[in-house]
Amino acid sequence: MRTSWGSATDSGRVRSLNEDAVLAYPPVFLVADGMGGHKAGDVASRLVVEEFTRLAGRDAVTADDVHDCFGRAARRLREELEGITAGTTVAGVAVARHDDGGSYWLVFNIGDSRVYRLVGEALEQISVDHSVVQELLDRGAISPDQARQHPERHVITRALGTDTEPEPDYWMIPAGATDRVLICSDGLTAELDDATIAALLGGDPDPQEAAAHLVATAVGAGGKDNVSAIVVDVATTARAFGTAPDEDTAETWDSKLEDTTRPRTVRPQRPVEPGQPGGAR
Ligand code: MN
């Protein structure tokens, strides 16, 4: 599956340092939002990008490949930031192949950076935040509007950190011929509502222009945090399904993917390191 993409990042209008880091190199696309201040947060997010860069240039990856990157990044974090409390979010997609021969997005997440998909004009959030506010939303204790104003809206409940084993969540979703994926840090979603994100994401056919426009608009709206966005398009699915991507075959794809149109959770085949609680949910 071929992809075309664009990315943009900005330190915003308040912070002097950009602790976000982005990787946009097929088959992997991710945003990492580092926490911990100078020489910590930016190191943490950069380490993640370095470890995932090992996957760059492959045709496709597996959940195990991605999980290994998380493990290596966590080890390096512990070694290189020993004694410092630091961490980073990691959210992204990687091109994966399934036994059915189709191409899929392997979506992964730790923290509150996000992965969205634009379907027609509708914006779907694929990743689920690891945050206090998300837990309150899940319990029905607050409304989405209240979540945006909640005093603890920046508090995350999971990160790739120096003191815990990584516990990313994974989902597999079929890659559609007209897919457009957005990966972004919370500096974008804190400034722009879903309708604005959907309009900007769908408003420009060039993924680089769309990413740049999203980030510039979030900075213009306040830019209280670092802001990052990656926009990924499926260039063609001809190779994925062995058929030409024309009007006649679109229906065939739909029927082929009928039972897999909803995101589904996957687990890496190997468990996380023994002695640690949890793993992929
Ligand atoms: Mn942030």
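Working carefully through the options Ala235, Ala240, Ala211, Ala159, find the one that is surrounded by 21 or more Cβ atoms within 10 Å (Cβ to Cβ), at pLDDT below 90 and among the small types (Gly, Ala, Ser).
After applying the criteria, what remains is Ala240.
Scan the stretch 15-26 for residues that are in a loop (DSSP other than H, G, I, E, B) and more than 11 Å from the ligand (Cβ to nearest atom) and jot them down.
Of the stretch 15-26, the ones in a loop (DSSP other than H, G, I, E, B) are 15-19, 26.
Selection gives Ser16, Leu17, Pro26.
Out of all the residues in the stretch 33-66, which are part of a loop (DSSP other than H, G, I, E, B) and β-branched (Val, Ile, Thr)?
Scanning the stretch 33-66 gives a single hit, Thr62.
Run down Arg158, Arg180 and say which single residue is touching a residue at least 40 places away in the same chain (Cβ under 8 Å) and within 30 Å of Asp100 (Cβ to Cβ).
It is Arg180.
Starting from residues that are among the acidic types (Asp, Glu) and closer than 29 Å to Pro207 by Cα, keep the ones in the stretch 111-144 and report whichever is modelled with the lowest pLDDT.
Checking each candidate, the answer is Glu121.
Mind listing whichever residues of the stretch 180-196 are out of contact with any Lys or Arg (no Cβ under 6 Å at 6 or more places or on another chain), away from the ligand (no atom under 16 Å from the Cβ) and of a type outside the set (S, T, N, Q)?
Arg180, Asp193, Asp194, Ala195
Can you tell me how many residues within the stretch 27-54 are modelled with pLDDT of 95 or more and away from the ligand (no atom under 16 Å from the Cβ)?
Of the residues in that region, 9 qualify.
Do you know which of the residues in the stretch 17-48 that are of a type in the set (Gly, Ala, Ser) and closer than 14 Å to Gly187 by Cα is surrounded by the fewest Cβ atoms within 10 Å (Cβ to Cβ)? Write out each step before concluding.
Step one: list which residues in the stretch 17-48 are of a type in the set (Gly, Ala, Ser), which gives 21, 24, 32, 34, 36-37, 40-41, 44-45.
Pick out the ones that are also closer than 14 Å to Gly187 by Cα and you get 21, 32, 34.
Details: Ala21: 26, Ala32: 32, Gly34: 28.
Among them, the one singled out is Ala21.
Can you tell me which residues in the stretch 75-99 are buried (at least 23 other Cβ atoms within 10 Å of the Cβ) and among the aliphatic types (A, V, I, L, M)?
Here is the first cut: in the stretch 75-99, the residues buried (at least 23 other Cβ atoms within 10 Å of the Cβ) are 77, 86-96.
Correct list: Leu77, Ala86, Val90, Ala91, Val93, Ala94, Val95, Ala96.
Of the residues Pro151, Pro174, Pro166, which is under 30 Å from Gly83 (Cα atoms), of a type outside the set (A, V, I, L, M), more than 16 Å from the ligand (Cβ to nearest atom) and touching a helix residue (DSSP H, G or I) at 6+ places or on another chain (Cβ under 9 Å)?
Answer to the check: Pro166.
Return a yes/no flag: does the stretch 100-112 have any residue that is touching a helix residue (DSSP H, G or I) at 6+ places or on another chain (Cβ under 6 Å), among the charged types (D, E, K, R) and crowded, with 20+ Cβ neighbours inside 10 Å.
Yes, the stretch 100-112 contains at least one residue that is touching a helix residue (DSSP H, G or I) at 6+ places or on another chain (Cβ under 6 Å), among the charged types (D, E, K, R) and crowded, with 20+ Cβ neighbours inside 10 Å.
Which condition number does Ala94 fail, the rest of (1) within 20 Å of Val181 (Cα to Cα); (2) touching a Cys at 6+ places or on another chain (Cβ under 6 Å) being met?
Condition not satisfied by Ala94: (2).
Any idea which residue in the stretch 127-144 is surrounded by the most Cβ atoms within 10 Å (Cβ to Cβ), counting only those that are closer than 10 Å to Val155 by Cα and either touching a helix residue (DSSP H, G or I) at 6+ places or on another chain (Cβ under 7 Å) or of a type in the set (Gly, Ala, Ser) (or both)?
That would be Val133.
In the stretch 83-104, how many are closer than 13 Å to Gly36 by Cβ and either within 16 Å of the ligand (Cβ to nearest atom) or in contact (Cβ under 8 Å) with a residue 12 or more places away in the chain (or both)?
Selection size over the stretch 83-104: 6.
The values are calculated or read from the model by the stated rules, or taken from the named source; none is laboratory data. Everything numeric here is computed off the predicted structure, so don't read it as measured data. Please note: Cβ atoms are built from the backbone with ideal geometry, for glycine as well, and neighbour counts cover all protein chains shown.
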